[in-house]
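Colleague: Questions regarding the structure given below will be posed in turn.
Bear in mind that the values in this text are calculations on the coordinates, not laboratory data. This structure is a prediction, so every number in the text was calculated from the model and none was measured. In this analysis, Cβ positions are derived from the backbone assuming ideal geometry, glycine residues included, and neighbour counts consider all displayed protein chains.
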Amino acid sequence: MFSLDVLIPHPTHTYTKVWPPVRDGFQRIVEVTSSSSPSDEKKRNITIETLSMKPLVLSISGFLSHDECDYIAKKATPSMQYSGVSLKDADKGKAASNWRTSQSTFLAAHDDDILKEIEHRTASLTRIPRSHQEYVQVLRYGTTEKYDAHHDYFDPASYQSDPNTLKLIEHGKKNRYATVFWYLTDVEEGGHTIFPRAYGLPPVQSHSDCTKGLKVKPEKGKVIIFYSLDASGRMDPLSLHGACPVIGEDDVKWAANKWIWNAPMGYVR
């Protein structure tokens with residue numbers, strides 16, 4: 001199926017590509033590769049479906065195999081720790097567990113052939129170079145664990161007392177552009193990814209409310225992409241998203257994500 005790229009200008013004077021959403025429910029089949037060389041055995045077809053126009057959320061099937069999902073979770077298990085958050089100025093002194101109760105770790109691909117192939121596949125899917133990727137973040141949510149609604153971008157106005165974050169984003173010149181989120185297990189009950197402002201819904205009254213908006217059910221091997229910056233390169237407040245609590249007593253939600261920036265960041269060699 002033929003589709004046109006949309007080129008988006010950013011404050012860095014670079015251009016980034018996004019799959020045109022067309023309409024809710026629109027599907028296209030595209031070819032991606034797991035290698036920097038045009039090797040046929042590294043190519044596969046995936047299906048991209050538009051879940052939401054605003055914010056732009058796409059669902060991908062055929063991106064990860066079940067064996068790859070199991071491998072990532074197993075590799076991450078020894079280093080999992082309870083997750084932290086980057087605190088905004090208004091939240092200094094508060095515990096990360098006020099919003100986030102999951103466990104997480106970061107995995108660098110470096111000499112890991114499987115993770116490197118997935119990095120190449122992510123770059124092929126997004127049409128954005130690997131140099132714009134962070135290390136993969138692996139997540140684990142047990143029963144009742146969650147992550148309240150938040151944005152993946154860094155608003156410079158909210159980090160004026162945090163010189164490290166301001167340096168990282170060059171006072172707003174750089175920012176997280178898109179999130180590629182991988183579901184590594186099925187979850188029977190709960191654990192949805194929620195976008196509480198999808199379909200143009202108003203600002204939320206509670207960041208822990210999982211009753212309104214677009215809800216994506218965790219399904220092993222499924223991937224979603226959502227964009228933190230809009231078509232003008234500005235931060236998109238509608239990209240607010242969260243992880244709803246896992247409800248099933250025997251459920252464990254494993255997931256992982258790649259944050260994609262609008263400029264090279266130096267994480268991935």
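Colleague: Taking amide H positions as placed 1.01 Å from N in the peptide plane, with prolines and chain starts having none, which residues 5 or more places from Asp186, or on another chain, fall under 5 Å of its amide H?
Modeller: Close amide H contacts, sequence-distant or interchain: Lys220.
Colleague: Quick check: residue separation of Gln160 and His110 times 0.36 nm, minus the Cα distance between them. What number comes out in nm?
Modeller: Taking 0.36 nm per residue and subtracting the Cα distance, the gain is 14.6 nm.
Colleague: Quick one: Kirkwood hydrodynamic radius for segment 210-269, alpha-carbon pairs, angstrom, one decimal?
Modeller: Computed over segment 210-269, the radius equals 14.6 Å.
Colleague: List the relative contact order of the chain as a percent without decimals, with contacts defined as Cα pairs under 8 Å and 6+ residues apart. Numbers along the way, then the final one.
Modeller: On the way: 618 pairs, mean separation 69.1, N = 269.
It comes to 26 percent, rounded to a whole number.
Colleague: If you place +1 on the Cβ of every Lys and Arg, -1 on the Cβ of every Asp and Glu, and leave all else neutral, what size is the dipole of the chain about its Cα centre, to the nearest 20 Debye?
Modeller: With Lys and Arg at +1 and Asp and Glu at -1, about 700 debye.
Colleague: Could you list the square roots of 5 times each eigenvalue of the Cα gyration tensor of segment 71-225, that is, the equivalent ellipsoid semi-axes, sorted largest first and rounded to whole Å?
Modeller: Details: eigenvalues 119, 96, 59 Å².
Semi-axes from the Cα gyration tensor: 24, 22, 17 Å.
Colleague: Turning to a different aspect of this structure: GNM on the chain, C-alpha springs below 10 Å: top fluctuator among His207, His132, His192?
Modeller: His207
Colleague: Taking 7 Å along the Cα-to-C-beta vector as the label spot, tell me the Arg269-Asp67 distance in nanometres, rounded to one decimal.
Modeller: Inter-label distance under the simple model: 2.6 nm.
Colleague: Pairs to check: Lys173/Lys217; Lys88/Lys173; Lys42/Lys74. Give those whose C-alpha atoms are more than 30 Å from each other in this structure. Could the numbers behind the result be given before it?
Modeller: Numbers: Lys173/Lys217 34 Å; Lys88/Lys173 18 Å; Lys42/Lys74 23 Å.
Pairs exceeding the cut-off: Lys173/Lys217.
Colleague: Please list, or write none, the lysines whose alpha carbon is within less than 23 Å of the alpha carbon of Lys212, excluding same-chain residues fewer than 8 places away.
Modeller: Lys54, Lys146, Lys222, Lys253
Colleague: Residue by residue, what Karplus-based ³J(HN,Hα) values in Hz, rounded to whole numbers, does segment 130-143 have, using 6.51, -1.76 and 1.60 with θ = phi - 60° and x for Gly and Pro?
Modeller: Per residue, the Karplus-derived 3J(HN,Hα) values read 4, 5, 8, 8, 8, 4, 6, 9, 9, 10, 9, 10, x, 4 Hz.
Colleague: Quick one: which residues, 5 or more positions from Val57 or on another chain, have an amide H under 5 Å from its amide H? H modelled 1.01 Å from N in the peptide plane, none for Pro or chain starts.
Modeller: Those qualifying (amide H under 5 Å, at least 5 residues apart or on another chain) are Leu51, Ser52.
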